[in-house]
Every structure is written in structure tokens, then in C-alpha cells.
1. Which FRET efficiency, nearest 0.05, do ALA80 and ASN47 yield, Cβ-Cβ r, R0 25 Å?
2. Would you check segment 361-448 for Lys pairs whose C-alpha atoms are within less than 20 Å, ignoring same-chain pairs closer than 8 in sequence, and give me the count?
3. Using Cα-Cα distances under 8 Å and only pairs 6 or more residues apart, what relative contact order does segment 378-421 have, in percent?
4. Pairs of Cα atoms under 8 Å, at least six residues apart: use those to get the relative contact order of segment 361-448, whole percent.
5. Starting from the Cα gyration tensor of segment 361-448, multiply each eigenvalue by 5, take the square root, and state the resulting semi-axes largest first in whole Å.
6. May I ask you to derive the FRET efficiency for TYR347 and ALA219 from their Cβ-Cβ distance with R0 = 35 Å, giving the value to the nearest 0.05?
7. Which of the following values of Kirkwood radius over Cα pairs in Å was calculated from the structure shown: (i) 24.9; (ii) 30.9; (iii) 23.3?
8. With charges set only on the Cβ (+1 for Lys and Arg, -1 for Asp and Glu), what does the dipole of the chain come to about its Cα centre, in debye to the nearest 20?
Amino acid sequence: MRAVWILLLSLCVPGLVSAELEVNGYVETYLRYWAHGDSGRWTWNENRLQLQFEGMPSEGLHYYAEIRLRGCGFPEASSAADLQRPESAFPWSLELREAYADLYGFLHPDLDLRVGRQVIAWGTADKLNPTSNLSPYDLEDFLELGERLGVDALRAIFSAEPWSIEVDLVPVFAPAVLPPPEWSRAFFDPPDLPPGLRIGAFRDILELPSRKLSETSEAALKLSTTLKGWDLSISYLYGRDCFPTLVGVEVVPVDTSGTVEITSRSYFPRIRVLGADFSGSLRKIGIWGEGALFFPEDVVLTKIQPTPSGAIVRTDSTVLSSDKPFFRYVLGADYTFPDGTYLNFQYAHGLFHERGSDDLHDYFTLRVEKSFLNDELKLAPMTLTATVSDWKAPGENYGVAWAPELIYTPMDNMEVKLGAFVLQGEGENIFSRLKVRDEIYARFKVSF
């Protein structure tokens, strides 16, 4: 079996398996159920084997690869003949999450390079990182906000204490992975149709950048230092928004009863981002913050749709303007009380899918954890995320996600999680659109 994994690694990182290979990972079962009365059903069924391969053939060379084998989903057979294909009964996939090589002291003792597929994560905040825009979001599981995908990149870090300069080059653009339809409505507004019209067919067109270096490449620079116990950095990115932007909607009547066909068009606009972050502690209170000023390109949304009288009207509206940059930021703190209770609080202005100064909402996150039985049992009864989309009428424009969780560790390397997601809200915001999506879950994980 060991030879099989060495062979897999050799395919990912050729020529780097001559040294002793270290293999780590975990196996996990994850089940989730939509608790919605008689309409409830299983929504997530995943068995995962994740493997990390790591080695250091020489003092100046290190390699790492991460592979995920998943059986995720439900049987999709619709006929007896489908059952002759195992993948119809047991959906599965194999993902190469990361595969890179580190070259330490390349050409200069203080210069390190990392080449290959890697997750480039910037920022000091907890999961909500407006300065981190190179690795796209992995939103397949909406409830795991903050997950990132690897990108094929060259990263160079030059260290000259107390300064560090990081340069990142990404030749091929990678978009975010979006959640399934029942969850993606959190990010996309439903079509705004004139009265009396109903959707008969919907076509979604997504335009990726052309495969030219000038269109797909991204570059970033980061300068970091430590000053009196505080970690500080400033950064700059020239890239693309990994989340698609709607730029066209066409509504075409197909009959006289009000049925229409809708065609939408989206693409990934260029962005320039100037960011900064800090982290440190003050009287045993951990404090962090980060902010990013986004300079978008001009984006115009074109709508072509019929009026109640039957006339076809075209309207153009500016979605983003290069003359109007917008600022997302996060501030947070955490503290562990003498009895072991852990408290984490964050305030965020704007999430990754919100663009333009007028579209940025306020978010608050709170997590309280308490351990029992020598850390064998951990209870997180207060895990809340809340938003207010209009402070003029907060009672009619709010959203709340409550995610209580119980974590049991009966033995080393084994973890059992039981929890729930309860969503509520009013008005138009990320949680109010999902308030019927309350779910309970169970996760069983063994690491090795």
C-alpha cells in the first residue's frame, strides 16, 4: 500500500520521492439533515479520506502534497441499467488540493521559493479575510465559510529581519466553487420580473477570462514585520474577483400568457486591492484586524426586458465604478477566562460577495467554548453570526445564524461533533434568504 501512495505522489511532485516520505491525514464521515417538518431530508452525505504527503530530500528542498478522496452525494440511479455503473450508486471524486515544492535559500540565503499548487492565505482575522484574494473560496459546503482552494503559483519570500517581502505570481485564474442551488440563493438575488410574468426557462452564461497571460495572470506583493510584539503587514494585489459579477439579463416572452425565458451573463472583473492587517495582544486579550481597499474596473449591468405594454426596453446601470473604490474590514478579539471558557468576537464590514460602498453590510460573529472532563468534552452553545442590512429599520432587516456544537474526544486522534444550524431573518440578506434551511449534523473524524 505504501508503494501506491509513493506512486501517487510521484505523479504530483515528480522526482521528489527519493527521501523518506511522511504520510498523515484523516478519515471522516459527515452527515447532515434538513430539519423542516415533513419536508425534511438528508442533504449531505460524505465519507472522506484526506492524505498529506511530506518529505525533505535535502536541507534546501521540501515537498508537500494533499489529496482528498471523497464519496460525497446520494445515489443518482434512475433506471436499473444505471446500477450497472458503481458511480451512480456511490458518487465519488479524487481531488488534488495542494502539490508544491519549497526551495530554501534559492540563489540567496534569505530567499525561499514555493512552486506548485498551494493555498495562499493572507490576513489575521478568523475565516473572514478581506486581504486574502489569491486563493478562491471553496463554497461547496456553504456552512464551511472560509475554506479556500489551491492555485498554481510561484511564491517568493525574502527575509531580512525584522522585514519579510512576499511576491506571488499566479499565471492561471481560478474561480470560486459555488454552493448548490438551495444555498446559492444566499448570494444571488432572484430575478426581478415585471408583474404578471413567470419564468419558463433559465439560461446561465459564465464568461471565463481568455487563456492569454495578460487575461489570466494575477500578481501580489506583501510586506510584513513585527513591531513591539505586534505583527503588521501591508499588501497589494492585481488580479480578478473570484466571485462572478452579473453583467447582463435578457428576458424574452415565449407566449401570450406571461411565460418568459431568461438569459443571464456573468464574468470575473479585474480588481486591484490595497490591504493591511495587524495582530497582537493587550493584557491577555488577543486583538486583530485587517482591511482592504478595492479598486474595481467599470462594470455595467445591461437589462433587456418587456414592459407590461409589451414593448422591449433596454436599461444600463453601473454596478461598479473605477472612480468609487470600496473598503471591507474586520476587527476582532478573543480571550480565555480563568475557568477555561473561550470567547471570540468579530465585527466585519462587507463579505466577499458584496461589492460597492452601498452594498456592504455589517456582520457580527460570536463564539463561546467551554471544555469539560480534561478537554475530553467541549461545548460551544453560543456560536452566532448576525447581520443588519439596514440600520434605519434593523427589526425588519436582520439575519441570524445560530450554530451550537458539541465536540467529544473519547480518545487521541478521534473526534465526534454534533451540532445544528438554525437560521432566521427578515428583509434581504444572506441569512433571511435561507431561514427555512435549518439543519442538524454529525461528524466522525479519525486522524493518523
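Coordinate-derived values only; no laboratory data. Nothing here was measured: the structure is a model prediction, and the numbers come from that model. So basically every Cβ, Gly included, is an ideal-geometry build from the backbone, and we count neighbours across all protein chains shown.
1. So, using R0 = 25 Å, E works out to roughly 0.50.
2. The number of close lysine pairs in segment 361-448 is 5.
3. Rounded, it is 36 percent for segment 378-421.
4. Numbers: 212 pairs, mean separation 20.3, N = 88.
Taking the mean separation of contacting Cα pairs over the length of segment 361-448, I get 23 percent.
5. For segment 361-448, the semi-axes come out at 32, 13, 9 Å.
6. So, using R0 = 35 Å, E works out to roughly 0.70.
7. (i)
8. Working: 41 positive and 62 negative charges, 54 e Å.
The dipole magnitude comes to about 260 debye.
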